[in-house]
Amino acid sequence: MAEICPFRAWHYDTTKVSLASVLTQPYDKITPAMQERYYAASPFNLVAVEKGKTLPGDNETENVYSRAAAKLDELIGPGILQQDSAPSIYVYAQEFALPGSHERHTRRGFIALGRLEDYAAGVVFRHEKTLSAPKADRLELLRRTRTQTGQLFMLYEDRADEIESLLTKAQQGPPAADLQDEYGVRHQLWPMPDPAAIAQFVAAMACKKIVIADGHHRYETALAYRDACRAKAGRTDLSASYEKAMMTFFSDSAPGVIILATHRVLRNLPDFDALRFRECLRQWFAELRFPFSSATEQAASYENFRRELQARRVEHVIGIYAGDGAFSLFRLRPDVTVNNATAEHLFAGLSPAQRELDVVLLHRLMIGECLGITPEAVVRESYITYEREMDAAIAAVDRGEAQLACLLNTVSVTQVVEMALAGEVLPQKSTDFYPKLLSGLAIYRMDPVPGK
C-alpha cells in the first residue's frame with residue numbers, strides 16, 4: 001500500500017524574508033495579474049520558479065526553465081533557502097473561511113515524501129483526466145530544476161482517527177512557519193523530526209490507498225520524470241530521490257476538506273436562443289422558474305434560486321441563467337432513467353455511477369445535446385470557461401460577456417473518493433478543493449541523476 005518517508009525540506013529563512021512576500025499559490029492558479037504582483041513583492045519570490053515569465057528572445061538554452069533553475073541557485077547560495085538538518089514529516093494546518101462567508105474552518109494534514117506508483121498498482125488513484133500541455137511544461141521545469149515546490153493534495157481514509165491523533169501529538173509548540181495569504185487563509189507548519197513519531201506515521205499509512213484530490217498533472221509529471229530518470233540510469237533504484245514526490249496528506253473525512261462548485265459560463269455560442277434551449281431541456285428536466293422584472297426583483301429571485309438549488313441538491317438539479325428575466329432550476333424528471341437501454345446513446349462510455357452526477361448530466365444533455373458542443377470543444381475551452389463564484393458567472397451574463405451560466409451544486413468528497421477507488425474519472429473541472437496548498441512552504445530538491 002502507501003509508502004511514505006520523512007525528508008529534509010528546503011524552506012525560506014524567515015530571518016531574511018517575510019513568507020507572505022515570497023510564497024505563491026499553485027502554478028495553475030496564478031493569473032497574469034497575480035504573477036506581476038508576486039514579482040513585485042520580492043526579488044526572492046518563488047514565482048520565478050513556480051511560474052516564471054516568458055520573455056522575447058527566449059530560446060532552447062535561455063528560457064523560463066533555465067531562469068527557474070538559476071533562481072533556485074540564487075536563493076540557495078546566500079541562504080535565502082535553507083535545508084532542515086534532520087529528516088522530518090511536517091504537520092500542516094490551514095485556517096480559512098469559504099468565499100462569501102465569515103465562518104472559519106480548520107484543515108490539518110501532513111507533508112511527507114510518497115512513493116510514486118503507477119495507477120495500475122492500485123495504491124494511488126486519480127479522479128480526473130489530464131491534458132498534455134500542462135504536463136509538458138511541468139516536466140521540463142522538473143527536468144531543469146530537479147525540484148518540487150508545489151504540493152500534491154492527497155486523501156486517505158482514517159475512520160478510526162488514528163492519524164488524526166498522531167497529528168494532535170505532533171502539533172506542539174509554536175509553528176516554524178505562520179503566515180496569511182492573499183485570500184485570508186492562515187498557513188502553519190510544524191516540523192516533526194522525532195524518529196519514533198515518524199515511524200508511527202509510516203506504519204499507519206502503510207495500509208492506506210491514496211486518492212489524488214488536486215495535482216493530477218504534477219503527479220503524472222513526477223511519474224514521467226521518474227521513468228526518464230530510470231532510463232537514464234539504466235536501472236530501477238527504488239531508493240533514488242526521483243522515485244518519490246512531495247505530497248500533502250489529509251483524511252477524506254476531516255471537517256476542513258471542502259469542495260467548492262465550479263460553474264460553467266458559455267459564450268460565443270452561434271445562433272443561441274434561450275427559449276429554444278429551455279425547450280430542448282424539457283425532454284429530460286422539469287423547470288422551476290424564478291422570474292423578475294426589475295433589479296430589486298432580480299436580487300430577491302436570485303436569493304430564492306440559490307436557496308432552492310442548495311436545498312434540492314439530492315434531486316439532480318442544475319441552475320440556468322441566460323439573462324432573459326428568470327433564474328431557472330432544471331430538475332431531472334422522475335420518469336427519466338439514465339441507466340437504461342434508451343439512455344445508452346446519451347451516456348455511452350459512462351458507468352452507472354458517473355451517470356448520476358449533476359456535472360455529467362450538464363455536459364451530456366445540456367451542453368452536448370442541446371447546445372451541440374462536443375467533448376473535444378469542451379477540452380479546448382472553445383465556448384466554455386469556469387467560475388468558482390456563482391455571482392461572477394451571473395455577472396458575466398448580465399454584462400453581455402456571456403450568453404449562459406450553468407450553475408451547479410458541488411460534488412461531495414465521498415463521491416470523489418468512491419469513484420476514484422472504483423477506477424472512475426469525473427468530467428473536467430468537476431472539483432475545486434478549497435483552499436489551495438501554498439507553494440514553497442516546503443520544497444523537495446532531488447539528487448542529480450547518474451547515468452549514461
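Only one of (1) surrounded by fewer than 17 Cβ atoms within 10 Å (Cβ to Cβ); (2) touching a Lys or Arg at 6+ places or on another chain (Cβ under 9 Å); (3) hydrophobic (A, V, I, L, M, F, W, C) fails for VAL338. Which number is that?
It fails just one condition, (1).
Of the numbered conditions (1) part of a loop (DSSP other than H, G, I, E, B); (2) at pLDDT 95 or above; (3) surrounded by 19 or more Cβ atoms within 10 Å (Cβ to Cβ), LYS16 satisfies every one except a single condition; which is it?
(3)
Collect the residues in the range 151-177 that are in contact with a helix residue (DSSP H, G or I) (Cβ under 8 Å, 6 or more places away or on another chain) and of a type outside the set (A, V, I, L, M, F, W, C), keeping them in residue-number order. Give the steps one after another, and end with the answer.
Let us first name the residues in the range 151-177 that are in contact with a helix residue (DSSP H, G or I) (Cβ under 8 Å, 6 or more places away or on another chain), namely 152, 155-158, 162-163, 166, 169-170, 177.
Answer for the range 151-177, where residues must be in contact with a helix residue (DSSP H, G or I) (Cβ under 8 Å, 6 or more places away or on another chain) and of a type outside the set (A, V, I, L, M, F, W, C): TYR156, GLU157, ASP158, GLU162, LYS169.
Can you list residue pairs whose Cβ atoms sit under 8 Å apart, with the first residue in the range 390-409 being within 13 Å of TYR302 (Cα to Cα) and the second being surrounded by fewer than 21 Cβ atoms within 10 Å (Cβ to Cβ) and among the aromatic types (Phe, Trp, Tyr)? Count only pairs 6 or more apart in sequence or on different chains.
ILE394/TYR302
Looking only at the range 195-212, decide whether some residue is under 15 Å from LEU438 (Cα atoms), surrounded by 17 or more Cβ atoms within 10 Å (Cβ to Cβ) and out of contact with any helix residue (DSSP H, G or I) (no Cβ under 9 Å at 6 or more places or on another chain).
Start the filter on the range 195-212 by keeping residues that are under 15 Å from LEU438 (Cα atoms), which leaves none.
Within the range 195-212 (the criterion being under 15 Å from LEU438 (Cα atoms), surrounded by 17 or more Cβ atoms within 10 Å (Cβ to Cβ) and out of contact with any helix residue (DSSP H, G or I) (no Cβ under 9 Å at 6 or more places or on another chain)), the answer is no, since none of the residues qualifies.
Starting from residues that are over 17 Å from LEU179 (Cα atoms) and hydroxyl-bearing (Ser, Thr, Tyr), keep the ones in the range 3-45 and report whichever is farthest from the chain's Cα centre (by Cα).
Applying the filter and picking the extreme gives TYR39.
Between GLU162, GLU128, GLU182, which is over 29 Å from TYR27 (Cβ atoms) and of a type in the set (Asp, Glu)? Let's see the steps before the verdict.
Numbers: GLU128 fails: over 29 Å from TYR27 (Cβ atoms); GLU182 fails: over 29 Å from TYR27 (Cβ atoms).
After ruling out the rest, the residue left standing is GLU162.
Of these, GLY256, GLY323, which one is in contact with a strand residue (DSSP E or B) (Cβ under 7 Å, 6 or more places away or on another chain) and either under 27 Å from ASP398 (Cα atoms) or in contact (Cβ under 8 Å) with a residue 40 or more places away in the chain (or both)? It would help to see each step written out before you state the result.
Values: GLY323 fails: in contact with a strand residue (DSSP E or B) (Cβ under 7 Å, 6 or more places away or on another chain).
After applying the criteria, what remains is GLY256.
Evaluate the range 281-302: report whether one residue or more is under 30 Å from the mean Cα position of the chain (by Cα), not in a loop (DSSP other than H, G, I, E, B) and not β-branched (Val, Ile, Thr). Lay out the reasoning, then the answer.
Keep residues of the range 281-302 that are under 30 Å from the mean Cα position of the chain (by Cα), which gives 302.
Within this subset, residues satisfying the condition of being not in a loop (DSSP other than H, G, I, E, B) are 302.
Restricting the remaining residues to those that are not β-branched (Val, Ile, Thr) gives 302.
Checked the range 281-302: at least one residue is under 30 Å from the mean Cα position of the chain (by Cα), not in a loop (DSSP other than H, G, I, E, B) and not β-branched (Val, Ile, Thr).
Hey, could you check the range 100-117 for residues that are among the basic types (Lys, Arg) and touching a Leu at 6+ places or on another chain (Cβ under 9 Å) and say which is surrounded by the most Cβ atoms within 10 Å (Cβ to Cβ)? Don't jump to the end; show me each part of the working.
Just the residues of the range 100-117 that are among the basic types (Lys, Arg), to begin with: 104, 107-108, 115.
Subset that is touching a Leu at 6+ places or on another chain (Cβ under 9 Å): 108, 115.
Numbers: ARG108: 21, ARG115: 18.
Among them, the one singled out is ARG108.
Test GLN172 against the criterion of being surrounded by 17 or more Cβ atoms within 10 Å (Cβ to Cβ) and either over 28 Å from the mean Cα position of the chain (by Cα) or assigned by TED's automatic domain parsing to the domain that holds GLY109 (or both), and give yes or no.
Numbers: surrounded by 17 or more Cβ atoms within 10 Å (Cβ to Cβ): no; either over 28 Å from the mean Cα position of the chain (by Cα) or assigned by TED's automatic domain parsing to the domain that holds GLY109 (or both): yes.
When the stated conditions are applied, GLN172 does not pass them.
With respect to SER85, determine if the residue is touching a residue at least 40 places away in the same chain (Cβ under 8 Å) and polar (S, T, N, Q). First the steps, then the outcome.
On the way: touching a residue at least 40 places away in the same chain (Cβ under 8 Å): yes; polar (S, T, N, Q): yes.
So SER85 passes the test.
Which strands (runs of 3 or more DSSP E) does the range 53-125 wholly contain that include 2 or more residues that are farther than 28 Å from SER18 by Cα?
On the way: elements: 81-83, 89-97, 104-115.
Strands (runs of 3 or more DSSP E) meeting the threshold: 104-115.
If you scan the range 231-275, which residues turn out to be in contact with a helix residue (DSSP H, G or I) (Cβ under 8 Å, 6 or more places away or on another chain) and among the charged types (D, E, K, R)?
The answer is ASP237, GLU243, ASP252, ARG264, ARG267.
Results for (1) farther than 30 Å from SER430 by Cβ; (2) without any contact (Cβ under 8 Å) to a residue 40 or more places away in the chain; (3) aromatic (Phe, Trp, Tyr), shown as yes or no for each residue.
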site	(1), (2), (3)
ASP158	no, no, no
GLY173	yes, yes, no
HIS187	no, no, no
TRP190	yes, no, yes
PRO193	yes, no, no
ALA199	yes, yes, no
ARG218	no, no, no
CYS229	yes, no, no
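Evaluate the range 382-397: report whether one residue or more is touching a Phe, Trp or Tyr at 6+ places or on another chain (Cβ under 8 Å), buried (at least 21 other Cβ atoms within 10 Å of the Cβ) and under 17 Å from HIS263 (Cα atoms).
Yes, because at least one residue in the range 382-397 is touching a Phe, Trp or Tyr at 6+ places or on another chain (Cβ under 8 Å), buried (at least 21 other Cβ atoms within 10 Å of the Cβ) and under 17 Å from HIS263 (Cα atoms).
The values are calculated or read from the model by the stated rules, or taken from the named source; none is laboratory data. The model shown is predicted, which means the values in this text are computed figures rather than measured ones. Please note: Cβ atoms are built from the backbone with ideal geometry, for glycine as well, and neighbour counts cover all protein chains shown.
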